[in-house]
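Report on one structure; see the data block that follows.
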Number of protein chains: 2
Amino acid sequence: MFPIRIVLIDTAHPGNIGATARAMKNMGLRELHLVRPKQFPHAEATARASGADDLLEQAVVHSDLATAIDACGLVVGTSARQRALNFEPFEPRECAAALVTAASRTPAAILFGNERAGLTNSELGVCNRLVTIPTAEYSSLNLAMAVQILAYELWLITRPGSPPRPEREVPLASADEMQRLYQHLEDVFAYIDFQDRTGGGHLMTRIRRLFNRAELDQNEMNILRGILTAVQARRRPAGGKSSVAPTSPD
Amino acid sequence: MFPIRIVLIDTAHPGNIGATARAMKNMGLRELHLVRPKQFPHAEATARASGADDLLEQAVVHSDLATAIDACGLVVGTSARQRALNFEPFEPRECAAALVTAASRTPAAILFGNERAGLTNSELGVCNRLVTIPTAEYSSLNLAMAVQILAYELWLITRPGSPPRPEREVPLASADEMQRLYQHLEDVFAYIDFQDRTGGGHLMTRIRRLFNRAELDQNEMNILRGILTAVQARRRPAGGKSSVAPTSPD
(Lines give C-alpha, C1' and ligand atoms only; values in the text may rest on other atoms or scores of the structure.)
Protein backbone atom coordinates (compact mmCIF):
# COMPACT_ATOMS: atom_id res chain seq x y z
CA MET A 1 0.00 0.00 0.00
CA PHE A 2 1.50 3.28 1.11
CA PRO A 3 4.60 2.62 3.19
CA ILE A 4 4.37 5.58 5.53
CA ARG A 5 6.05 5.17 8.90
CA ILE A 6 5.08 6.86 12.11
CA VAL A 7 8.28 7.39 14.10
CA LEU A 8 7.95 8.33 17.78
CA ILE A 9 11.19 9.53 19.33
CA ASP A 10 11.98 9.55 23.06
CA THR A 11 8.33 9.08 23.98
CA ALA A 12 7.90 9.48 27.73
CA HIS A 13 4.34 8.18 28.26
CA PRO A 14 3.54 4.63 27.13
CA GLY A 15 -0.14 5.57 26.97
CA ASN A 16 0.70 7.86 24.06
CA ILE A 17 2.28 4.94 22.21
CA GLY A 18 -0.89 2.89 22.60
CA ALA A 19 -3.14 5.79 21.60
CA THR A 20 -0.90 6.35 18.55
CA ALA A 21 -1.30 2.71 17.48
CA ARG A 22 -5.08 3.02 17.77
CA ALA A 23 -5.11 6.32 15.84
CA MET A 24 -2.98 4.75 13.09
CA LYS A 25 -4.99 1.56 12.68
CA ASN A 26 -8.24 3.51 12.35
CA MET A 27 -6.69 5.34 9.41
CA GLY A 28 -5.07 2.38 7.68
CA LEU A 29 -1.49 3.02 8.82
CA ARG A 30 0.50 0.07 10.18
CA GLU A 31 4.21 0.90 10.45
CA LEU A 32 5.05 2.12 13.92
CA HIS A 33 8.69 2.80 14.78
CA LEU A 34 9.82 3.71 18.28
CA VAL A 35 13.17 5.34 18.96
CA ARG A 36 14.24 4.97 22.60
CA PRO A 37 10.75 4.73 24.12
CA LYS A 38 11.04 5.32 27.86
CA GLN A 39 8.77 2.38 28.72
CA PHE A 40 7.81 -0.21 26.12
CA PRO A 41 6.16 -2.66 26.08
CA HIS A 42 3.91 -1.43 28.88
CA ALA A 43 0.42 -2.23 30.17
CA GLU A 44 -0.71 1.37 29.66
CA ALA A 45 0.31 1.23 26.00
CA THR A 46 -1.65 -1.97 25.48
CA ALA A 47 -4.70 -0.60 27.29
CA ARG A 48 -4.82 2.60 25.23
CA ALA A 49 -4.20 0.69 21.98
CA SER A 50 -7.59 -0.96 22.40
CA GLY A 51 -7.93 -3.30 19.38
CA ALA A 52 -4.72 -2.05 17.78
CA ASP A 53 -2.37 -4.11 19.94
CA ASP A 54 -1.21 -5.94 16.79
CA LEU A 55 0.49 -2.69 15.72
CA LEU A 56 2.28 -2.57 19.08
CA GLU A 57 3.47 -6.15 18.66
CA GLN A 58 4.84 -5.34 15.20
CA ALA A 59 6.33 -2.00 16.28
CA VAL A 60 10.08 -1.75 15.66
CA VAL A 61 12.17 -0.36 18.51
CA HIS A 62 15.36 1.49 17.59
CA SER A 63 18.25 2.78 19.64
CA ASP A 64 18.73 5.65 17.25
CA LEU A 65 16.79 7.52 14.61
CA ALA A 66 19.04 6.58 11.67
CA THR A 67 17.86 2.97 11.50
CA ALA A 68 14.20 4.02 11.87
CA ILE A 69 14.37 6.04 8.65
CA ASP A 70 17.23 4.38 6.77
CA ALA A 71 15.32 3.43 3.62
CA CYS A 72 13.00 6.43 3.68
CA GLY A 73 12.82 9.05 0.94
CA LEU A 74 10.67 11.86 2.28
CA VAL A 75 11.15 12.49 6.02
CA VAL A 76 8.77 15.01 7.60
CA GLY A 77 9.27 16.40 11.08
CA THR A 78 6.41 17.67 13.25
CA SER A 79 6.59 20.87 15.22
CA ALA A 80 4.10 22.82 17.31
CA ARG A 81 5.39 26.07 15.84
CA GLN A 82 6.96 26.75 12.50
CA ARG A 83 10.51 27.35 13.58
CA ALA A 84 12.90 29.73 11.94
CA LEU A 85 14.93 26.95 10.39
CA ASN A 86 14.59 27.67 6.70
CA PHE A 87 11.55 25.41 6.60
CA GLU A 88 8.67 26.53 4.42
CA PRO A 89 5.20 26.49 6.02
CA PHE A 90 3.62 23.08 5.53
CA GLU A 91 0.22 21.99 6.80
CA PRO A 92 -1.23 18.51 7.29
CA ARG A 93 -3.34 18.42 4.13
CA GLU A 94 -0.48 19.41 1.84
CA CYS A 95 1.87 17.21 3.85
CA ALA A 96 -0.35 14.16 3.37
CA ALA A 97 -0.38 14.69 -0.39
CA ALA A 98 3.42 15.02 -0.49
CA LEU A 99 3.89 11.91 1.65
CA VAL A 100 1.62 9.76 -0.51
CA THR A 101 3.34 10.89 -3.71
CA ALA A 102 6.79 10.26 -2.21
CA ALA A 103 5.74 6.89 -0.79
CA SER A 104 4.77 5.68 -4.25
CA ARG A 105 8.46 4.90 -4.78
CA THR A 106 10.24 4.79 -1.41
CA PRO A 107 9.00 4.57 2.19
CA ALA A 108 8.25 7.90 3.83
CA ALA A 109 8.28 8.84 7.50
CA ILE A 110 6.74 11.35 9.90
CA LEU A 111 8.79 12.07 13.02
CA PHE A 112 7.28 13.01 16.39
CA GLY A 113 9.62 14.18 19.13
CA ASN A 114 9.41 13.89 22.89
CA GLU A 115 6.12 15.14 24.41
CA ARG A 116 7.67 18.14 26.11
CA ALA A 117 10.71 19.01 24.05
CA GLY A 118 9.64 18.08 20.52
CA LEU A 119 12.26 17.25 17.92
CA THR A 120 15.85 18.20 18.69
CA ASN A 121 17.91 20.20 16.23
CA SER A 122 19.80 17.06 15.29
CA GLU A 123 16.52 15.25 14.57
CA LEU A 124 15.29 18.22 12.53
CA GLY A 125 18.56 17.91 10.63
CA VAL A 126 17.35 14.77 8.84
CA CYS A 127 13.96 16.21 7.90
CA ASN A 128 13.11 17.34 4.39
CA ARG A 129 10.05 19.22 5.54
CA LEU A 130 8.51 20.40 8.81
CA VAL A 131 4.74 20.11 9.23
CA THR A 132 2.78 22.22 11.71
CA ILE A 133 -0.79 21.45 12.71
CA PRO A 134 -2.71 24.72 12.84
CA THR A 135 -3.97 25.54 16.33
CA ALA A 136 -5.43 28.41 18.28
CA GLU A 137 -3.30 30.53 20.57
CA TYR A 138 -3.31 27.68 23.09
CA SER A 139 -1.08 25.27 21.23
CA SER A 140 -0.53 22.10 23.18
CA LEU A 141 -1.66 19.14 21.13
CA ASN A 142 -1.28 15.76 22.73
CA LEU A 143 1.23 13.59 20.82
CA ALA A 144 -1.30 10.94 19.77
CA MET A 145 -3.80 13.67 18.77
CA ALA A 146 -1.19 15.07 16.39
CA VAL A 147 -0.69 11.58 14.95
CA GLN A 148 -4.47 11.25 14.62
CA ILE A 149 -4.85 14.44 12.58
CA LEU A 150 -2.04 13.57 10.16
CA ALA A 151 -3.28 9.98 9.86
CA TYR A 152 -6.79 11.28 9.14
CA GLU A 153 -5.53 13.52 6.34
CA LEU A 154 -3.58 10.59 4.91
CA TRP A 155 -6.62 8.33 5.02
CA LEU A 156 -8.79 10.85 3.18
CA ILE A 157 -6.51 10.62 0.15
CA THR A 158 -5.54 6.93 0.33
CA ARG A 159 -8.85 5.26 1.17
CA PRO A 160 -10.53 3.14 -1.46
CA GLY A 161 -12.26 5.30 -4.04
CA SER A 162 -9.95 8.29 -3.59
CA PRO A 163 -8.76 9.83 -6.83
CA PRO A 164 -5.33 8.49 -7.83
CA ARG A 165 -2.39 10.57 -6.62
CA PRO A 166 0.49 11.57 -8.86
CA GLU A 167 3.43 9.20 -8.52
CA ARG A 168 7.09 10.13 -8.52
CA GLU A 169 8.85 9.21 -11.74
CA VAL A 170 12.20 8.84 -10.03
CA PRO A 171 12.45 7.60 -6.43
CA LEU A 172 13.75 10.01 -3.83
CA ALA A 173 17.18 9.48 -2.39
CA SER A 174 16.86 7.60 0.90
CA ALA A 175 17.87 8.95 4.29
CA ASP A 176 20.91 6.67 4.45
CA GLU A 177 22.00 7.77 0.97
CA MET A 178 21.70 11.36 2.19
CA GLN A 179 23.95 10.50 5.13
CA ARG A 180 26.53 9.01 2.73
CA LEU A 181 26.31 12.16 0.61
CA TYR A 182 27.07 14.34 3.65
CA GLN A 183 29.98 12.09 4.59
CA HIS A 184 31.25 12.28 1.03
CA LEU A 185 30.98 16.06 1.10
CA GLU A 186 32.91 16.21 4.36
CA ASP A 187 35.61 13.98 2.87
CA VAL A 188 35.86 16.20 -0.17
CA PHE A 189 35.96 19.37 1.93
CA ALA A 190 38.87 17.85 3.81
CA TYR A 191 40.52 16.73 0.59
CA ILE A 192 40.31 20.17 -0.97
CA ASP A 193 41.07 21.77 2.36
CA PHE A 194 37.82 23.77 2.33
CA GLN A 195 37.49 25.65 5.60
CA ASP A 196 34.29 26.20 7.57
CA ARG A 197 33.94 29.99 7.62
CA THR A 198 30.38 30.16 8.98
CA GLY A 199 31.56 31.06 12.46
CA GLY A 200 30.58 28.44 15.02
CA GLY A 201 31.02 25.37 12.85
CA HIS A 202 27.65 25.54 11.14
CA LEU A 203 28.87 24.57 7.67
CA MET A 204 27.55 21.01 7.63
CA THR A 205 24.28 22.03 9.31
CA ARG A 206 23.63 24.53 6.55
CA ILE A 207 24.66 22.11 3.85
CA ARG A 208 22.29 19.50 5.26
CA ARG A 209 19.38 21.89 5.42
CA LEU A 210 19.95 22.96 1.87
CA PHE A 211 20.08 19.44 0.44
CA ASN A 212 17.31 18.08 2.69
CA ARG A 213 15.04 20.86 1.55
CA ALA A 214 15.83 20.06 -2.08
CA GLU A 215 14.42 16.51 -1.73
CA LEU A 216 16.98 14.94 -4.04
CA ASP A 217 15.92 12.09 -6.27
CA GLN A 218 18.12 9.12 -7.21
CA ASN A 219 19.31 10.69 -10.48
CA GLU A 220 20.34 13.88 -8.76
CA MET A 221 22.07 11.92 -6.03
CA ASN A 222 24.06 10.00 -8.64
CA ILE A 223 25.11 13.23 -10.31
CA LEU A 224 26.26 14.80 -7.04
CA ARG A 225 28.15 11.72 -5.95
CA GLY A 226 29.77 11.56 -9.39
CA ILE A 227 30.93 15.15 -9.08
CA LEU A 228 32.41 14.51 -5.66
CA THR A 229 34.17 11.36 -6.84
CA ALA A 230 35.59 13.28 -9.79
CA VAL A 231 36.96 15.90 -7.40
CA GLN A 232 38.63 13.20 -5.36
CA ALA A 233 40.09 11.55 -8.46
CA ARG A 234 41.99 14.72 -9.18
CA ARG A 235 45.56 14.44 -7.97
CA ARG A 236 46.29 16.85 -5.18
CA PRO A 237 48.21 19.77 -6.59
CA ALA A 238 51.89 19.68 -5.80
CA GLY A 239 52.59 21.49 -2.56
CA GLY A 240 49.59 20.09 -0.81
CA LYS A 241 47.12 22.24 1.03
CA SER A 242 45.89 24.83 -1.45
CA SER A 243 42.34 24.52 -2.67
CA VAL A 244 42.98 26.28 -5.99
CA ALA A 245 42.55 24.30 -9.19
CA PRO A 246 45.50 22.20 -10.28
CA THR A 247 47.54 23.79 -13.04
CA SER A 248 47.93 20.77 -15.29
CA PRO A 249 45.46 20.74 -18.19
CA ASP A 250 42.93 17.97 -18.19
CA MET B 1 -17.19 33.94 17.66
CA PHE B 2 -18.71 30.67 16.51
CA PRO B 3 -20.97 29.28 19.21
CA ILE B 4 -20.42 25.59 18.54
CA ARG B 5 -21.01 23.27 21.49
CA ILE B 6 -19.35 19.95 22.07
CA VAL B 7 -21.88 17.77 23.90
CA LEU B 8 -20.62 14.55 25.51
CA ILE B 9 -23.40 12.21 26.60
CA ASP B 10 -23.08 9.43 29.21
CA THR B 11 -19.29 9.58 29.06
CA ALA B 12 -17.84 6.69 31.06
CA HIS B 13 -14.15 7.67 31.29
CA PRO B 14 -13.28 11.01 32.86
CA GLY B 15 -9.94 10.95 31.02
CA ASN B 16 -11.87 11.33 27.77
CA ILE B 17 -13.54 14.47 29.11
CA GLY B 18 -10.16 16.00 29.90
CA ALA B 19 -8.68 14.99 26.55
CA THR B 20 -11.75 16.48 24.84
CA ALA B 21 -11.23 19.82 26.62
CA ARG B 22 -7.61 19.87 25.49
CA ALA B 23 -8.54 18.96 21.90
CA MET B 24 -11.16 21.73 21.86
CA LYS B 25 -8.98 24.48 23.28
CA ASN B 26 -6.23 23.77 20.75
CA MET B 27 -8.78 24.38 18.01
CA GLY B 28 -10.44 27.48 19.46
CA LEU B 29 -13.60 25.77 20.78
CA ARG B 30 -14.72 26.60 24.32
CA GLU B 31 -18.27 25.37 24.98
CA LEU B 32 -18.22 21.96 26.59
CA HIS B 33 -21.52 20.42 27.72
CA LEU B 34 -21.69 17.16 29.65
CA VAL B 35 -24.86 15.12 29.90
CA ARG B 36 -24.80 12.66 32.83
CA PRO B 37 -21.01 12.19 32.95
CA LYS B 38 -20.24 9.10 34.99
CA GLN B 39 -17.47 10.81 36.97
CA PHE B 40 -16.99 14.55 36.86
CA PRO B 41 -15.14 16.49 38.11
CA HIS B 42 -12.37 13.93 38.38
CA ALA B 43 -8.58 14.02 38.76
CA GLU B 44 -8.09 12.03 35.56
CA ALA B 45 -10.11 14.59 33.60
CA THR B 46 -8.00 17.43 34.98
CA ALA B 47 -4.76 15.56 34.27
CA ARG B 48 -5.65 14.84 30.66
CA ALA B 49 -6.93 18.39 30.09
CA SER B 50 -3.39 19.67 30.55
CA GLY B 51 -3.65 23.48 30.18
CA ALA B 52 -7.32 23.35 29.19
CA ASP B 53 -8.68 22.94 32.72
CA ASP B 54 -10.44 26.29 32.34
CA LEU B 55 -12.78 24.59 29.86
CA LEU B 56 -13.52 21.90 32.43
CA GLU B 57 -14.32 24.54 35.04
CA GLN B 58 -16.73 26.25 32.64
CA ALA B 59 -18.26 22.98 31.40
CA VAL B 60 -22.01 22.77 31.91
CA VAL B 61 -23.35 19.54 33.37
CA HIS B 62 -26.89 18.48 32.40
CA SER B 63 -29.19 15.76 33.61
CA ASP B 64 -30.69 15.40 30.18
CA LEU B 65 -29.86 16.23 26.60
CA ALA B 66 -32.71 18.69 26.02
CA THR B 67 -31.19 21.45 28.13
CA ALA B 68 -27.75 20.93 26.57
CA ILE B 69 -29.07 21.77 23.11
CA ASP B 70 -32.13 23.91 23.91
CA ALA B 71 -31.12 27.05 22.01
CA CYS B 72 -29.27 25.23 19.25
CA GLY B 73 -30.22 25.37 15.60
CA LEU B 74 -28.14 22.75 13.82
CA VAL B 75 -27.57 19.60 15.90
CA VAL B 76 -25.16 17.04 14.45
CA GLY B 77 -24.80 13.54 15.84
CA THR B 78 -21.62 11.49 15.50
CA SER B 79 -21.62 7.84 14.57
CA ALA B 80 -18.90 5.32 13.79
CA ARG B 81 -20.95 3.93 10.94
CA GLN B 82 -23.50 5.62 8.75
CA ARG B 83 -26.64 4.00 10.08
CA ALA B 84 -29.68 3.20 8.01
CA LEU B 85 -31.72 5.99 9.54
CA ASN B 86 -32.54 8.16 6.54
CA PHE B 87 -29.40 10.18 7.22
CA GLU B 88 -27.45 11.31 4.19
CA PRO B 89 -23.67 10.64 4.26
CA PHE B 90 -21.90 13.57 5.90
CA GLU B 91 -18.17 13.85 6.49
CA PRO B 92 -16.22 16.09 8.88
CA ARG B 93 -15.12 18.65 6.31
CA GLU B 94 -18.61 19.24 4.95
CA CYS B 95 -19.99 19.05 8.49
CA ALA B 96 -17.64 21.78 9.70
CA ALA B 97 -18.78 24.08 6.91
CA ALA B 98 -22.44 23.44 7.70
CA LEU B 99 -21.88 24.02 11.42
CA VAL B 100 -20.11 27.31 10.90
CA THR B 101 -22.80 28.59 8.55
CA ALA B 102 -25.55 27.52 10.95
CA ALA B 103 -23.73 28.99 13.94
CA SER B 104 -23.67 32.40 12.29
CA ARG B 105 -27.23 32.85 13.58
CA THR B 106 -27.93 30.31 16.34
CA PRO B 107 -25.68 28.09 18.46
CA ALA B 108 -24.90 24.70 16.91
CA ALA B 109 -23.97 21.44 18.61
CA ILE B 110 -22.13 18.20 17.95
CA LEU B 111 -23.27 15.22 20.03
CA PHE B 112 -20.97 12.37 21.08
CA GLY B 113 -22.53 9.32 22.71
CA ASN B 114 -21.22 6.88 25.26
CA GLU B 115 -17.80 5.35 24.41
CA ARG B 116 -19.17 1.86 23.79
CA ALA B 117 -22.75 2.35 22.73
CA GLY B 118 -22.64 5.63 20.80
CA LEU B 119 -25.77 7.72 20.50
CA THR B 120 -29.09 6.06 21.35
CA ASN B 121 -32.02 6.15 18.96
CA SER B 122 -33.68 8.77 21.11
CA GLU B 123 -30.54 10.94 21.00
CA LEU B 124 -30.34 10.49 17.22
CA GLY B 125 -33.95 11.64 17.16
CA VAL B 126 -32.94 15.23 17.90
CA CYS B 127 -30.16 15.34 15.29
CA ASN B 128 -30.51 17.16 11.99
CA ARG B 129 -27.51 15.40 10.50
CA LEU B 130 -25.26 12.47 11.32
CA VAL B 131 -21.52 12.83 10.72
CA THR B 132 -19.20 9.88 10.24
CA ILE B 133 -15.44 10.15 10.40
CA PRO B 134 -13.97 8.02 7.61
CA THR B 135 -11.88 5.14 8.91
CA ALA B 136 -10.28 1.95 7.69
CA GLU B 137 -11.91 -1.42 8.28
CA TYR B 138 -10.83 -1.22 11.91
CA SER B 139 -13.17 1.50 13.08
CA SER B 140 -12.74 2.23 16.75
CA LEU B 141 -11.88 5.88 17.21
CA ASN B 142 -11.35 7.05 20.74
CA LEU B 143 -14.00 9.59 21.77
CA ALA B 144 -11.58 12.49 22.25
CA MET B 145 -9.85 11.63 18.95
CA ALA B 146 -13.17 12.02 17.18
CA VAL B 147 -13.64 15.39 18.87
CA GLN B 148 -10.11 16.34 17.79
CA ILE B 149 -10.73 15.61 14.12
CA LEU B 150 -13.99 17.57 14.00
CA ALA B 151 -12.46 20.44 15.99
CA TYR B 152 -9.49 20.50 13.60
CA GLU B 153 -11.79 20.77 10.57
CA LEU B 154 -13.69 23.57 12.31
CA TRP B 155 -10.49 25.44 13.10
CA LEU B 156 -9.27 25.26 9.50
CA ILE B 157 -12.29 27.28 8.37
CA THR B 158 -12.69 29.58 11.39
CA ARG B 159 -9.10 30.55 12.14
CA PRO B 160 -8.02 34.12 11.49
CA GLY B 161 -7.38 34.66 7.81
CA SER B 162 -9.82 32.00 6.61
CA PRO B 163 -12.07 33.08 3.78
CA PRO B 164 -15.46 34.29 5.10
CA ARG B 165 -18.17 31.62 5.24
CA PRO B 166 -21.68 32.13 3.92
CA GLU B 167 -24.08 33.15 6.67
CA ARG B 168 -27.67 32.06 7.07
CA GLU B 169 -30.17 34.78 6.18
CA VAL B 170 -32.79 33.39 8.51
CA PRO B 171 -31.83 31.65 11.77
CA LEU B 172 -32.59 27.96 12.08
CA ALA B 173 -35.37 26.86 14.39
CA SER B 174 -33.89 25.88 17.73
CA ALA B 175 -34.03 22.41 19.25
CA ASP B 176 -36.59 23.48 21.85
CA GLU B 177 -38.77 25.05 19.14
CA MET B 178 -38.58 21.76 17.29
CA GLN B 179 -39.77 19.97 20.43
CA ARG B 180 -42.71 22.37 20.69
CA LEU B 181 -43.53 21.72 17.03
CA TYR B 182 -43.61 17.96 17.65
CA GLN B 183 -45.83 18.48 20.68
CA HIS B 184 -48.10 20.70 18.63
CA LEU B 185 -48.29 18.06 15.90
CA GLU B 186 -49.19 15.39 18.44
CA ASP B 187 -51.91 17.66 19.85
CA VAL B 188 -53.30 18.24 16.37
CA PHE B 189 -53.17 14.53 15.51
CA ALA B 190 -55.23 13.88 18.62
CA TYR B 191 -57.57 16.73 17.81
CA ILE B 192 -58.25 15.48 14.31
CA ASP B 193 -58.17 11.89 15.53
CA PHE B 194 -55.37 10.96 13.13
CA GLN B 195 -54.32 7.37 13.83
CA ASP B 196 -50.77 6.02 13.78
CA ARG B 197 -50.90 3.38 11.05
CA THR B 198 -47.12 2.79 10.77
CA GLY B 199 -47.37 -0.44 12.75
CA GLY B 200 -45.39 -0.33 15.95
CA GLY B 201 -46.05 3.29 16.85
CA HIS B 202 -43.33 4.82 14.66
CA LEU B 203 -45.39 7.78 13.47
CA MET B 204 -43.71 10.46 15.60
CA THR B 205 -40.24 8.97 15.02
CA ARG B 206 -40.73 9.28 11.28
CA ILE B 207 -42.20 12.75 11.57
CA ARG B 208 -39.22 13.86 13.67
CA ARG B 209 -36.71 12.44 11.21
CA LEU B 210 -38.42 14.16 8.34
CA PHE B 211 -38.52 17.60 9.96
CA ASN B 212 -35.08 17.29 11.58
CA ARG B 213 -33.60 16.47 8.23
CA ALA B 214 -35.28 19.49 6.68
CA GLU B 215 -33.40 21.89 9.01
CA LEU B 216 -36.33 24.29 9.39
CA ASP B 217 -35.63 27.98 9.68
CA GLN B 218 -37.63 30.41 11.82
CA ASN B 219 -39.89 31.50 8.97
CA GLU B 220 -40.77 27.93 8.08
CA MET B 221 -41.37 27.15 11.72
CA ASN B 222 -43.79 30.07 11.99
CA ILE B 223 -45.66 28.89 8.91
CA LEU B 224 -45.99 25.33 10.22
CA ARG B 225 -47.10 26.44 13.67
CA GLY B 226 -49.62 28.79 12.02
CA ILE B 227 -51.08 25.92 9.99
CA LEU B 228 -51.40 23.75 13.09
CA THR B 229 -53.05 26.53 15.06
CA ALA B 230 -55.49 27.10 12.20
CA VAL B 231 -56.42 23.44 12.25
CA GLN B 232 -57.09 23.64 15.98
CA ALA B 233 -59.17 26.80 15.54
CA ARG B 234 -61.55 24.84 13.39
CA ARG B 235 -64.59 23.70 15.35
CA ARG B 236 -64.77 19.94 15.64
CA PRO B 237 -67.33 18.68 13.13
CA ALA B 238 -70.55 17.61 14.74
CA GLY B 239 -70.51 13.98 15.68
CA GLY B 240 -66.99 14.10 16.96
CA LYS B 241 -64.33 11.61 15.99
CA SER B 242 -64.21 11.67 12.19
CA SER B 243 -61.13 13.20 10.56
CA VAL B 244 -62.95 14.17 7.34
CA ALA B 245 -63.30 17.84 6.49
CA PRO B 246 -66.13 19.70 8.12
CA THR B 247 -69.13 20.06 5.86
CA SER B 248 -69.89 23.69 6.52
CA PRO B 249 -68.45 26.02 3.86
CA ASP B 250 -65.73 28.37 5.07
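Things worth noting here:
- Taking max minus min of the alpha-carbon positions on each principal axis, the protein assembly as shown gives extents of 124, 46, 38 Å, largest first.
- Of the residues making up segment A:10-47, those losing 20 Å² or more of accessible area when the isolated chain is joined by the remaining protein chains, with a 1.4 Å probe, are A:Arg22, A:Lys25, A:Asn26, A:Met27.
- Longest to shortest principal axis, alpha-carbon extents of segment B:142-227, angstrom: 56, 35, 16
- For A:Gly199, label point 7 Å along C-beta direction: distances to other copies, nm: 8.7
- Taking amide H as placed 1.01 Å from N in the peptide plane, B:His62 has its amide H under 5 Å from the amide H of B:Leu34, B:Val35, B:Arg36, each at least 5 places away in sequence or on another chain.
- Charged-residue dipole, Cβ positions (Lys, Arg, Asp, Glu), segment A:96-176 about Cα centre, Debye nearest 20: 180
- Here the relative contact order of chain A, from alpha carbon pairs under 8 Å that lie six or more residues apart, stands at 22 percent.
- Charged-residue dipole, Cβ positions (Lys, Arg, Asp, Glu), segment B:46-104 about Cα centre, Debye nearest 20: 280
- Applied to segment B:191-196, the Karplus parametrisation 6.51 cos²θ - 1.76 cosθ + 1.60 on θ = phi - 60° returns per-residue 3J(HN,Hα) values of 4, 8, 6, 7, 8, 6 Hz, with x for Gly and Pro.
- The GNM of chain A, with springs linking C-alpha atoms under 10 angstrom apart, assigns the highest mean-square fluctuation among A:Gly15, A:Gly51, A:Gly77 to A:Gly51.
- For chain A, the per residue solvent-accessible surface stands at 48 Å², with DNA, RNA and ligands left out and a 1.4 Å probe.
- Computed Rg/Rh of segment A:1-64, alpha carbon atoms with Kirkwood Rh: 0.93
- Pseudo-label separations to other copies for A:Ala117 - Cα-to-Cβ vector, 7 Å, nm: 4.7
- Other-chain or far-sequence residues with amide H under 5 Å of B:Thr106's (modelled H): B:Leu172
- Inter-probe distance in nm under a simple model that places probes 7 Å from Cα toward Cβ, at B:Arg36 and A:Arg159: 3.0
- Applying 1/(1 + (r/R0)^6) with r as the Cβ-Cβ distance of B:Asp176 and A:Ser140 and R0 = 51 angstrom yields a FRET efficiency of 0.90.
- Threshold 20 Å² - residues in segment B:136-181 whose accessible area is reduced by that much or more when the chain is no longer isolated, probe 1.4 Å: B:Ala136, B:Tyr138, B:Ser140, B:Leu141, B:Asn142, B:Met145, B:Gln148, B:Ile149, B:Tyr152, B:Trp155, B:Leu156, B:Arg159
- The protein assembly as shown - charge dipole about Cα centre, Lys and Arg +1 at Cβ, Asp and Glu -1, debye rounded to 20: 180
- Taking B:Leu224, B:Leu74 and ordering them by how much accessible surface each has at a 1.4 Å probe, largest first, produces B:Leu224, B:Leu74.
- Note that segment B:16-33 has calculated 3J(HN,Hα) couplings of 5, 5, x, 5, 5, 4, 5, 4, 5, 5, 4, 10, x, 9, 10, 9, 9, 10 Hz, one per residue in order, obtained from phi through the Karplus relation 6.51 cos²θ - 1.76 cosθ + 1.60 (θ = phi - 60°); glycine and proline are x.
- Estimated vicinal HN-Hα couplings, Hz - segment A:107-121 in sequence order (Karplus 6.51, -1.76, 1.60; Gly, Pro = x): x, 10, 9, 10, 9, 10, x, 4, 3, 8, 8, x, 6, 6, 4
- Candidates A:Pro160, A:Pro89, A:Pro134: whichever shows maximal mean-square fluctuation once chain A is modelled as a Gaussian network with Cα springs under 10 Å: A:Pro160
- Loop-located trypsin sites (Lys or Arg not before Pro) in segment B:1-90 (DSSP state other than H, G, I, E, B) with a sparse environment of at most 15 neighbouring Cβ atoms within 10 Å: B:Lys38, B:Arg81, B:Arg83.
- Amide H contacts under 5 Å for B:Ile69: none, restricted to partners 5 or more places along the chain or on a different chain, H placed in the peptide plane at 1.01 Å from N.
- Along each principal axis, Cα extent of segment B:1-130, largest first, Å: 40, 32, 25
- Measuring with a 1.4 angstrom probe and ignoring ligands and nucleic acids, A:His33 comes out at about 20 Å² accessible.
- Plainly put, the tip 7 Å out from Cα toward Cβ on A:Glu137 is 4.8 nm from that tip on each other copy, the closest given first.
- Rolling a 1.4 angstrom probe over segment A:92-250 with all protein chains present gives an accessible area of which 52% lies on carbon and sulfur atoms.
- Sum of -39500 (n - 2.57) over DSSP H runs of 4+, divided by residues of chain B (222 nm, nearest 500): -12500 deg cm²/dmol
- Nearest-0.05 FRET efficiency for A:Ser122 and A:Tyr191, computed from C-beta distance (R0 30 Å): 0.75
- Computed from the C-beta positions of B:Leu210 and B:Ala43 and an R0 of 41 Å, the FRET efficiency is 0.35 to the nearest 0.05.
- Cα centroid separation, segment B:110-147 to segment B:163-225: 23 Å.
- Estimated D of segment B:98-250 in µm² per second, where Rh is the Kirkwood radius over Cα pairs and Stokes-Einstein applies at 37 °C, 0.692 mPa s: 174
- Counting heavy atoms of the protein chains alone, A:Thr135 has an accessible area of about 30 Å² for a 1.4 Å probe.
- Applying a DSSP loop filter and a limit of 12 other Cβ atoms within 10 Å to the GluC sites (Glu not before Pro) in segment A:110-168 leaves A:Glu137, A:Glu167.
- Accessible area per residue (1.4 Å probe, heavy atoms of protein chains only) ranks B:Phe194, B:Phe189 as B:Phe194, B:Phe189, with the largest value leading.
The values are calculated or read from the model by the stated rules, or taken from the named source; none is laboratory data. What you see is a predicted model; the values in this text were computed from it and never measured. Every residue, glycine among them, receives a Cβ derived from its backbone with ideal geometry; neighbour counts consider all protein chains shown. The protein model used for the area step is the full one, side chains on, heavy atoms only, and it has no ligands, DNA or RNA in it. Shrake-Rupley method; radii C 1.70, N 1.55, O 1.52, S 1.80 Å.
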